[in-house]
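Report on the following structure.
Every read-out reported here was derived from the displayed coordinates using simple, explicitly stated rules and does not represent laboratory data. As the structure is a computational prediction, the values presented were derived from the model and not from experiment. Using ideal geometry, Cβ is built from the backbone for each residue, glycine included, and neighbour counts are taken over all protein chains shown.
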Number of protein chains: 4
Amino acid sequence: MSDANARMIADHLKTSETMGREWAIDIEEVREGYARIAVTVNDQMLNGYGTAHGGALFTLADQAFAYACNSYGLQTVAQSASISFLTPARPGDRIVAEAEAVMKSGRSGAFNVAVRTVDGIDIASFQGLSRTVGGAIMDAET
Amino acid sequence: MSDANARMIADHLKTSETMGREWAIDIEEVREGYARIAVTVNDQMLNGYGTAHGGALFTLADQAFAYACNSYGLQTVAQSASISFLTPARPGDRIVAEAEAVMKSGRSGAFNVAVRTVDGIDIASFQGLSRTVGGAIMDAET
Amino acid sequence: MSDANARMIADHLKTSETMGREWAIDIEEVREGYARIAVTVNDQMLNGYGTAHGGALFTLADQAFAYACNSYGLQTVAQSASISFLTPARPGDRIVAEAEAVMKSGRSGAFNVAVRTVDGIDIASFQGLSRTVGGAIMDAET
Amino acid sequence: MSDANARMIADHLKTSETMGREWAIDIEEVREGYARIAVTVNDQMLNGYGTAHGGALFTLADQAFAYACNSYGLQTVAQSASISFLTPARPGDRIVAEAEAVMKSGRSGAFNVAVRTVDGIDIASFQGLSRTVGGAIMDAET
């Protein structure tokens, strides 16, 4: 798969996704084994303490993970994930999730995702384990 | 804290939360160290493969975790969490997240959350580590 | 599989294991989906700060997890695990690791393991994801 | 702290550690926020299936993590960790654990550890959350 195809796949998946659609997530860069996306924390993403909900931060990281682990062209899903919350993010903060493949073994892959503000403040650290479960994502690629 | 207060706190937090508000999450039961909530997977919670987004399942589990770890009356937040995805959930599935305290040590607490369909199909298993970071959640209780 | 067989399998696995053999781990109870083992923290299990090494606590939890997830009679391995450290354990502390199945879906299983002192002090909370990868563990059972 | 001090701290901690001492772990490189160590899987590190015990792999990763998160000169411990097992390691395999800081926020730090054979086969992926809990590790440095 080329990096151009990796981007096409992410765009294709994004068309089908409905979770977080109203957050206007931007896909900044996708290539094989890598994805970087960004979103601005808005008033629909808050927990009971007025900061970004752990579920919103997880969703963003998981989304970058999905684009990165599907970038190889085969249908791949998250099997497990862990996340550590380092600094609360607040409404108006622009946050970036950057996913990178760290390991691959057969149908399994391990990815790290760093979630930071655009100013470089560390928000959350995410690690995901992926599993390839199907064939080509886009027919035209087979 | 009484179990009645635990429920009051959950209701109070829910009023402030905006994440997942449009999903109509039901708080079924809250008591000290325990919370059970439910939601029906809808068309706004899907990933690129048409099943419940990992971020939606995490959000639901995290929400049950938040009600359970705040049930003792002190402001408590998630520090880290891990989740394993066992079976995909589909639109229309009614899913229940049940959080229980398994350990407490000083300001730290460990909670498990089981996410299942109402028919008992295991969807996801979540473990969260909480940290008490502030004083009483509701003034009337101090 | 009966609970008696679950115990036989654990004893059988223990015979082959070499990791931690010199710690004299006791298998206290094993039944389907459950295992409880105990060990006394000794001078060979310490980190650079003189408390029980995270690797020793993980090993104990992982061992209880192994006995619990293999208790159904089929060859099963750990796929991923997470652990939270709540209270340091010290040389001489008697600690118990209690593993329980919380979820099963096809060849995957999710297990929680609580690590406590015999006095009930919470030491660590562990969650493991298992995968069944082979056939019967003991020939006599096929 | 200089990189030379980071190495001194690791050597100092190693002197006090007893866990895994008989495995002859080599400290290959330590600098601020980074540590790489290596060990050969031996007959004392096996699980019931004859491959490297998850507890042995976790211990190695946790050790690299400890050297990396203490490299800044302040007493720092593991708070939580997660590990994914990708390929079984076998007796005689030379394996390397390489830890890197990915995030820091106040007293918290997130580290990734890659565990690979010297031939580059991915064995396990580990993520740890650290917490600084005390002052200078070595008096001479204050």
Within segment D:110-141, whose backbone N sits under 17 Å from a point 7 Å along Cα→Cβ of A:GLU100? D:110-116, D:125-128
Please compute the net charge surrounding C:ASP122, taking Lys and Arg as +1 and Asp and Glu as -1 over other residues with Cβ under 9 Å from its Cβ. +2
Would you tally the net charge around C:GLY92, using a Cβ to Cβ cut-off of less than 15 Å, leaving C:GLY92 out, and scoring K and R as +1, D and E as -1? -1
Cβ-Cβ cut-off under 10 Å around C:VAL39, Lys and Arg +1, Asp and Glu -1: the net charge is -1
Per-q log10 I(q)/I(0), segment C:38-86, q = 0.19, 0.26 Å⁻¹ (Debye; single scatterer per alpha-carbon; no solvent): -0.70, -1.00
C:ASP26 versus A:ALA4: modelled label distance in nm, points set 7 Å from Cα along the beta carbon direction: 6.9 nm
For B:HIS12 paired with A:ILE121, estimate the spin-label separation in nm (one decimal), with each label point 7 Å from Cα along the Cα-to-Cβ line. 2.6 nm
Loop only per DSSP, at most 16 neighbouring Cβ atoms within 10 Å: give me the GluC sites (Glu not before Pro) in segment D:20-104, ordered by residue number. D:GLU32
Given R₀ = 41 Å, what would the calculated FRET efficiency be for C:GLN44 paired with B:ALA136, taking r from the Cβ atoms and rounding to 0.05? 0.35
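Take every residue in peptide B:111-119, count the Cβ atoms of other chains within 10 Å of its Cβ, and give the average of those counts.
Working: counts 1, 7, 1, 4, 1, 1, 0, 0, 0.
Going residue by residue through B:111-119 and averaging, the value is 2.
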Can you give me the P(r) profile for segment B:3-141? Cα pairs, bins 5 angstrom wide beginning at 0, each as a whole percent. 2, 11, 22, 23, 20, 12, 6, 3, 1, 0
If you average the alpha carbon positions of segment B:62-76 and of segment B:99-142, how far apart do those two centres end up, in angstrom? 6 Å
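Just tell me how shielded A:96-108 is by partners: mean number of partner chain Cβ atoms within 10 Å of each residue's Cβ, no decimals. Numbers along the way, then the final one.
Working: counts 0, 0, 0, 0, 1, 0, 7, 11, 2, 9, 3, 0, 8.
That average works out to 3.
On average, how much area does the Cα convex hull of the protein assembly as shown cover when viewed from any direction, in nm²?
On the way: hull surface 102.0 nm².
Its average projected convex-hull area is 25.5 nm².
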What is the fewest-to-most order of D:ILE95, A:ILE121 by other Cβ atoms lying within 10 Å of their Cβ? A:ILE121, D:ILE95
